[in-house]
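These notes are about the structure you will find just below.
FYI, it's all coordinate maths here, none of it is from the lab. Since the structure is predicted, the reported quantities are computational estimates derived from the model, not experimental observations. We place every Cβ from the backbone using ideal geometry, glycine too, and count neighbours over all the protein chains shown.
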Amino acid sequence: MNDRRVLYATAFLRALATGMIGVLLGFYLADRRLDSRAIGIIVAAGLFGAAVATLLITAAADRFGRRRALVAIALLSTLGGLALLVTSHPLALALAAFVGMVNGMGRDRGAALVLEQAVLPNAVTDHERTFAFARYNVAQDVGHALGGLLAAAPHWIQRAAGPGATASFGLRAAVLAYAALSLVPVLLYPLLSAAAESTARTAQTPPLSPATRRILWKLGSLFALDGLGGGFLTATLLSYFFHERFGVGIETVGPLFFGARVANALSHLGAAWLARRIGLVNTMVFTHMPSILLLVTVAFAPSFPVAAIFFLLREGLVEMDVPTRQSYVMAVVKPEERTRASGVTAIVRLGAWAAAPTLAGFLMQGLSLMTPLIVGAVMKITYDVLLWRSFRRVRPPEEQGEAQVA
């Protein structure tokens, strides 16, 4: 099995587990007789653990060894899932979530993702890189979608166990299944070749080159703006918008978001095809802007069917910048700087993304339901314009023309 296939498989498995626990965690903790405040603290502890792990990976994975670091992350995720089963105390559960980086948001955005993004370009040529990232993201999207469906496992397990089985039994068995899924990548990461490691694996991490520092400063600032805008447009807030504006329930919104994930997956392959024809930066910008305008139409849609159509059209475009962005960042820095570049850009996006939902909730309550959609759209369009102006001439190796310093 070559490195690409290993990474596609681990990305799928991790997304499957993440998509499952993202839906399951709240039900499991409620079954443990915890209130909403305690559940919120435990979810936050898991996300904080993921952020700390990402920071550590960014700083030290190249010296520690990328393959060993990936195995360690998977083992910690497994231990965190198992620890959830052995205690009912809120603080102990929060510690388990922190150590295990338990992701209650349902989308994989943690330390393993950052490190795999640094490894993947080593397994392909420059010409193949964007398609490799597209397939990687498709594997994640399929995993997230199927993981959401797997969240119904407690019901299936309870029925299979017979009439004497309780709902708690089904939930605990499903959390055990999450831990088992988290463990499988431990068996796959050792199959990665030596090419997965950094080319500058020394006791002292070499400093970033001046050119890379300038690029990361600009990209980091722009990605923070994009992340802040994205924080106004989370799946939770959009679900709440559909429910409050049109009166639809989870039995309608759930399939809508499943369809959105399918559209996301298809769009990733389309993005790679388009990038070969118009370039990475142009693909990032000129697919992202129409998707934001489509989201604004959702805010003003007269009925749910119309809003759903615009929403699905938007989802067919909105993530075309994801594999192209990942490929671009890895292309414009040196191979030995990829782990830190991936980590820095991920951390600023996650930090900004996490800061916005609270403000969005206040705007929904104090002004109108559509206000966060408009504010987020304005931020994201501003990001697109600034990104194109700053980086349209900074080209990756596979594109024609001379690359210029940002």
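Since only 311, 397, 29 are under comparison, the one whose Cα sits farthest along the positive direction of the charge dipole of the chain, derived from C-beta charges on Lys, Arg, Asp and Glu, is 397. With a/c under 1.5 counting as rounded, go ahead and sort the range 206-400 into rounded, prolate or oblate using the C-alpha gyration tensor (a ≥ b ≥ c being the square roots of the eigenvalues; past the cut-off, prolate if a/b is larger than b/c, else oblate). Taking the square roots of the gyration eigenvalues as a ≥ b ≥ c, the range 206-400 is prolate. What shape does the range 88-232 have by the C-alpha gyration tensor, where a ≥ b ≥ c are the square roots of the eigenvalues, rounded means a/c under 1.5, and otherwise prolate means a/b greater than b/c and oblate the rest? The shape class here is prolate.
Treating only the Cβ of Lys, Arg, Asp and Glu as charged (+1, +1, -1, -1), what charge dipole size does the chain show about its Cα centre? Round to the nearest 20 debye. Walk me through the numbers before you get to the answer.
Working: 35 positive and 22 negative charges, 105 e Å.
Dipole about the Cα centre, nearest 20: 500 debye.
In the chain, a dipole from Cβ-located charges (positive for Lys and Arg, negative for Asp and Glu) runs towards its positive end, and of 137, 127, 264 it is 127 whose Cα lies farthest in that direction. Working note: Karplus 6.51/-1.76/1.60 with θ = phi - 60° gives the range 303-309 the couplings 8, 5, x, 5, 4, 5, 5 Hz, where Gly and Pro are set to x.
Each peptide in 54-62, 292-300 was scored by the mean count of other Cβ atoms within 10 Å over its residues; highest first, the order is 54-62, 292-300. When the chain is described by a simple charge dipole with +1 on each Lys and Arg Cβ and -1 on each Asp and Glu Cβ, the residue from 158, 247, 89 located farthest towards its positive end is 89. The spread of Cα positions in the chain, taken along each principal axis and listed from longest to shortest, comes to 69, 54, 33 Å. In the elastic network of the chain, a GNM with C-alpha springs shorter than 10 Å, the most mobile of 116, 128, 337 is 128. Spatially, the range 319-349 and the range 10-78 are offset by 21 Å when compared through their Cα centroids. A simple charge model with +1 on the Cβ of Lys and Arg, -1 on the Cβ of Asp and Glu and nothing else charged puts the dipole of the range 206-400 at about 720 debye relative to its Cα centre. The residues packed around residue 42, meaning those with a beta-carbon under 12 Å from its beta-carbon, carry a net charge of +1 if Lys and Arg are +1 and Asp and Glu are -1. Working ranking of peptides 189-198, 214-223 by packing, defined as the average number of other Cβ atoms within 10 Å per residue, highest first, is 214-223, 189-198. A cut-off under 12 angstrom between Cβ atoms defines the neighbours of residue 140, and their net charge, with Lys, Arg +1 and Asp, Glu -1, is +1. Would you give the gap between the C-alpha center of the range 100-130 and the C-alpha center of the range 252-288, rounded to a whole Å? Value for the Cα centre distance between the two parts: 17 Å.
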